[in-house]
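Colleague: Sharing a structure below in structure tokens format, with a few things to ask.
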Amino acid sequence: MKLYIKYMVSQRCKMVVRDTLQKLGINDAIVDLGVVDIQESINQKQHDLFKEALLASGLELLDDNKSILVEKIKNIITEMIHYDDESPKVNYSDFISEKLGYDYTYLSNVFTGVKGITIQQYIILNKIEKVKELILYDELNLTEISYKLNYSSVSHLSNQFKKITGLSPSYYKQLKQKRQGNLENL
Amino acid sequence: MKLYVRYMVSLRCKLIVKEELTKLKLPIVDTELGAVEIRDNITPDQRELLANKLLTFGMELLDDTRSSLIKKIELEIINLINHAEPSVQIDFSDALTQKLGYQPELISSTFAEVKGISLKQFIIIQKIERAKELLLYDDMNTLDISSLLGFHSREDLVYQFKKITGLTPSFFKVLKQKRRGVIKVNGKNTDPAIGEKKIIG
């Protein structure tokens, strides 16, 4: 089960949450910024103890409604970028708020309080991940990729890629060749 | 234990690694690009199975020596940043070369091939992480933080901060106040809407 935690926005918060879980005897958990994925299900008592311990460190366990909302925002973005062949031509913000039926400002507040980054930034990160994939796995060139993911130009894409990874897209092309080298040596 | 995988540099690679580990019944604690942390230790047999399987996807499970190189690079950078002192400029490349005894070029190219981001970018991200902490836990202002962490100026810090998180440092100051509010009422705040209005998107 996934639990969302507000204000858990730095590495130190992550450590705090990990420690708290361990004290409660919960070891099978994947801890990420803003979210904990617990493999086993926890009982109400553990849930309450966890909530209280978090509050003492200034972190807030989100109620179910808001957790679901954050999860939904993430799913829409993932779907939009990773699975849809045609990404929507309208604004991402309009698209998301239309799908969920909430005002974008509200959605953005909930999301940012939990994840510590903006929805916009989350979308950019996902798009760059997708670009990486398309370079590595599909035979698309950068022009095709930039068109597919709604970038205004190849240079816009390259700039954003460089901003996020510190590397150029062509570096990834080299990686692809090296990986193929790996496959041929099998 | 942490396993490092070369060319595990996209979301799809992450999914593949996850899947293979699940098949081997090895519970995962955490995944990031270039690395996966598993709860238990891996046996030599399992390691060989995994390495062969990953190779068929073009990924390379790193042996202990090279895994520990990446780990040391990461730890050393985080260490340098956490122990930064005011008005002492950190020379990362120099410090890493001295500590690890490899050429800077080899260090940065190995790093980028495993992690999928450049060493320089990793350093910036870690600095921003540290800046978040200093904003949230210590009462430091952005000017002091920028000089402590070796940014050119306060504006440079704000710019990089925005580039990495999409947010301004002042947003984290607001968060800090809200967290204090949470601690103060310590569990008695049952209305999640309290304190909601002040957030800036």
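No value in this document is a laboratory result; all are computed from the given coordinates. Keep in mind the model is a prediction, meaning the values are calculated, not measured. Here the Cβ positions follow ideal geometry from the backbone for every residue, glycine too, while neighbour counts run over all protein chains shown.
Colleague: Looking only at the stretch A:127-149, which residues are surrounded by fewer than 16 Cβ atoms within 10 Å (Cβ to Cβ) and facing chain B (nearest Cβ under 8 Å)? Full working, then the answer.
Modeller: Within the stretch A:127-149, the subset surrounded by fewer than 16 Cβ atoms within 10 Å (Cβ to Cβ) is A:137-141, A:143-144, A:147.
Hit for the stretch A:127-149 is A:Y137, nothing else.
Colleague: Return the total of residues in the stretch B:1-17 being over 16 Å from A:I128 (Cα atoms) and free of Cβ contacts under 8 Å to residues at least 12 places away in the same chain.
Modeller: Number of matching residues: 1.
Colleague: Looking at the structure I just gave you, is B:G58 within 13 Å of chain A (Cβ to nearest Cβ), in contact (Cβ under 8 Å) with a residue 60 or more places away in the chain and of a type outside the set (A, V, I, L, M, F, W, C)? Lay out the reasoning, then the answer.
Modeller: Details: within 13 Å of chain A (Cβ to nearest Cβ): yes; in contact (Cβ under 8 Å) with a residue 60 or more places away in the chain: no; of a type outside the set (A, V, I, L, M, F, W, C): yes.
Taking the combined requirement at face value, the residue does not satisfy it.
Colleague: For the stretch A:11-51, what are the residues that are in a strand (DSSP E or B) and in contact with a helix residue (DSSP H, G or I) (Cβ under 9 Å, 6 or more places away or on another chain)?
Modeller: Applying the first criterion (in a strand (DSSP E or B)) to the stretch A:11-51 yields A:29-32, A:35-38.
Result: A:A29, A:V31, A:D32, A:V35, A:V36, A:I38.
Colleague: Pairs needed: first member in the stretch B:18-38, within 11 Å of chain A (Cβ to nearest Cβ) and touching a residue at least 24 places away in the same chain (Cβ under 8 Å); second member anywhere, surrounded by fewer than 19 Cβ atoms within 10 Å (Cβ to Cβ) and of a type outside the set (A, V, I, L, M, F, W, C); C-beta distance under 6 Å; at least 6 residues apart or different chains.
Modeller: Final answer for the pair search is B:E37/B:K2; B:E37/B:D30.
Colleague: Taking the stretch A:150-170 only, how many residues are within 14 Å of chain B (Cβ to nearest Cβ) and either over 19 Å from B:I117 (Cβ atoms) or of a type in the set (F, W, Y) (or both)?
Modeller: Taking the stretch A:150-170 and keeping what is within 14 Å of chain B (Cβ to nearest Cβ), we get A:159-170.
Still in the list and also either over 19 Å from B:I117 (Cβ atoms) or of a type in the set (F, W, Y) (or both): A:161.
Qualifying residue count, the stretch A:150-170: 1.
Colleague: Using the structure shown, decide if A:L55 is surrounded by fewer than 22 Cβ atoms within 10 Å (Cβ to Cβ), more than 8 Å from chain B (Cβ to nearest Cβ), of a type in the set (A, V, I, L, M) and free of Cβ contacts under 8 Å to residues at least 40 places away in the same chain. Please lay out each step first, then the result.
Modeller: Details: surrounded by fewer than 22 Cβ atoms within 10 Å (Cβ to Cβ): yes; more than 8 Å from chain B (Cβ to nearest Cβ): no; of a type in the set (A, V, I, L, M): yes; free of Cβ contacts under 8 Å to residues at least 40 places away in the same chain: yes.
Answer is no for this residue.
Colleague: Could you list all residues from the stretch B:43-80 that are touching a strand residue (DSSP E or B) at 6+ places or on another chain (Cβ under 7 Å) and part of a loop (DSSP other than H, G, I, E, B)?
Modeller: B:M59, B:L62
Colleague: Mind checking which residues of the stretch A:159-185 are part of a helix (DSSP H, G or I), of a type in the set (G, A, S) and closer than 20 Å to A:T143 by Cβ?
Modeller: Residues of the stretch A:159-185 that are part of a helix (DSSP H, G or I), as a first pass: A:159-165, A:169-184.
Filter again for of a type in the set (G, A, S), leaving A:170, A:181.
If the condition is that a residue be part of a helix (DSSP H, G or I), of a type in the set (G, A, S) and closer than 20 Å to A:T143 by Cβ, then A:S170 is the only one that fits.
Colleague: Return yes when B:L15 is part of a strand (DSSP E or B), under 24 Å from A:Y171 (Cα atoms) and not aromatic (F, W, Y) and no when it is not. Give the steps one after another, and end with the answer.
Modeller: Working: part of a strand (DSSP E or B): no; under 24 Å from A:Y171 (Cα atoms): yes; not aromatic (F, W, Y): yes.
For B:L15, the condition - part of a strand (DSSP E or B), under 24 Å from A:Y171 (Cα atoms) and not aromatic (F, W, Y) - is not met.
Colleague: Turning to a different aspect of this structure: Could you please give the count of residues in the stretch A:107-121 that are part of a helix (DSSP H, G or I) and either among the small types (G, A, S) or surrounded by fewer than 19 Cβ atoms within 10 Å (Cβ to Cβ) (or both)? Walk me through it before giving the result.
Modeller: Of all residues in the stretch A:107-121, those part of a helix (DSSP H, G or I) come to A:107-115, A:119-121.
Cutting the leftovers down to either among the small types (G, A, S) or surrounded by fewer than 19 Cβ atoms within 10 Å (Cβ to Cβ) (or both) gives us A:108-109, A:113, A:120.
Counting residues in the stretch A:107-121 that are part of a helix (DSSP H, G or I) and either among the small types (G, A, S) or surrounded by fewer than 19 Cβ atoms within 10 Å (Cβ to Cβ) (or both) gives 4.
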